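Report on the structure given below.
The values are calculated or read from the model by the stated rules, or taken from the named source; none is laboratory data. Computed from a prediction, not measured in an experiment: that's the story for all the values here. Counting neighbours? That spans all protein chains shown, and the Cβs are built from the backbone with ideal geometry, glycine included.
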Amino acid sequence: MSISYKIVVFNQNTPAPARDLTQLHQTLLPTSPVALLGQGFMEQFYYHILPREGLICGAVAYIDGQPAGFIVATPDSIGFMKIALRRHWWRLIWVIGTSVLREPKRQGAIWEAWQIMRGRGQRPLTPTGEPETVEGELLSFGVLPAYRNPKFIRQSGLQISQDLFNRAVTQIQAAGIDQIRAIVEADNTPAKLFYHGLGWHLDRTQVPGWRTPTVEFVWRNTAKPDPAQPSFQALNKGN
Ligand SMILES: CC(C)(COP(=O)(O)OP(=O)(O)OC[C@H]1O[C@@H](n2cnc3c(N)ncnc32)[C@H](O)[C@@H]1OP(=O)(O)O)[C@@H](O)C(=O)NCCC(=O)NCCS
């Protein structure tokens with residue numbers, strides 16, 4: 001089986017393929033709050049501005065030039081949306097406003113996104129009100145069914161989900177983050193088995209703010225961080 005396989009990493013230095021990410025996100029996770037906020041929100045804000053600012057990063061996999069899977073992560077689970085909101089509130093109001101005018105039922109998605117953002121802030125705080133640890137999060141992840149069935153894997157020898165996962169975790173670790181979370185819908189057995197199989201621990205069996213029942217997995221790096229790498233906290237000081 002001769003196929004061309006490419007993984008394109010995106011981050012602060014490399015622009016995100018916003019259109020491909022939007023298409024994959026809508027196809028694979030159509031009921032996620034980001035997808036429900038609409039194509040305009042994803043293409044013009046979420047996958048356009050956030051990667052440029054270093055608030056999200058990730059990778060897209062291509063098979064024979066076609067998008068096959070994606071992963072999106074943040075080095076700051078609690079802060080990334082708050083920082084984006086503070087820096088670009090006018091743009092966000094415009095994008096979300098036009099999105100709701102087009103489809104008024106999107107108001108429900110705005111409410112859920114707001115509740116999730118509030119829920120993220122409920123982690124332990126230091127006496128000065130800062131989060132105890134800055135944690136990364138795998139925000140969205142998926143591979144199209146055609147590229148994750150046993151036949152394709154056997155014939156191509158590719159395990160795209162594993163490759164995408166490795167790229168995202170490497171990027172988060174490079175930002176000096178040693179703890180990463182992933183929220184999964186409680187009835188998503190393949191995703192739960194995926195994280196469990198990689199040794200991630202089930203940390204919470206209920207995550208506040210979500211419309212559907214969700215669980216949370218966590219991974220902690222016990223190896224020492226590289227002091228030569230600037231940390232995410234250092235890069236975003238003052239925000
Ligand atoms: C989550 C996802 C990326 C995992 O990738 P994957 O390629 O399926 O990963 P794996 O092949 O390692 O499968 C994970 C486990 O689930 C099992 N599994 C796969 N499909 C399954 C199904 N329909 N029912 C039950 N178990 C299933 C696999 O056997 C494997 O278990 P094992 O490690 O014990 O063998 C993929 O399932 C996916 O794209 N899902 C749709 C989008 C999604 O739900 N994303 C997660 C939310 S962020």
All positions within region 146-165 that are charged (D, E, K, R), part of a helix (DSSP H, G or I) and within 11 Å of the ligand (Cβ to nearest atom): 163
Among (1) in a strand (DSSP E or B); (2) out of contact with any helix residue (DSSP H, G or I) (no Cβ under 8 Å at 6 or more places or on another chain); (3) surrounded by 17 or more Cβ atoms within 10 Å (Cβ to Cβ) - the single one residue 58 does not satisfy: (2)
Which numbered condition residue 2 fails, given (1) closer than 23 Å to residue 135 by Cβ; (2) surrounded by fewer than 17 Cβ atoms within 10 Å (Cβ to Cβ): (1)
Hits in region 30-55 - residues which are in a helix (DSSP H, G or I) and among the charged types (D, E, K, R): 43, 52
Residue under evaluation residue 34, criteria (1) surrounded by 15 or more Cβ atoms within 10 Å (Cβ to Cβ); (2) farther than 14 Å from residue 139 by Cβ, criterion not met: (2)
Residue match in region 211-228 (condition: hydrophobic (A, V, I, L, M, F, W, C), modelled with pLDDT under 90 and more than 15 Å from the ligand (Cβ to nearest atom)): yes
Verdict on residue 140 being touching a residue at least 60 places away in the same chain (Cβ under 8 Å), at negative phi and part of a helix (DSSP H, G or I): no
Qualifying positions in region 17-26 - more than 21 Å from residue 162 (Cβ to Cβ) and crowded, with 16+ Cβ neighbours inside 10 Å: 18, 22, 23, 26
Matching residues, region 72-109, being farther than 30 Å from residue 179 by Cα, small (Gly, Ala, Ser) and touching a residue at least 24 places away in the same chain (Cβ under 8 Å): 99, 108
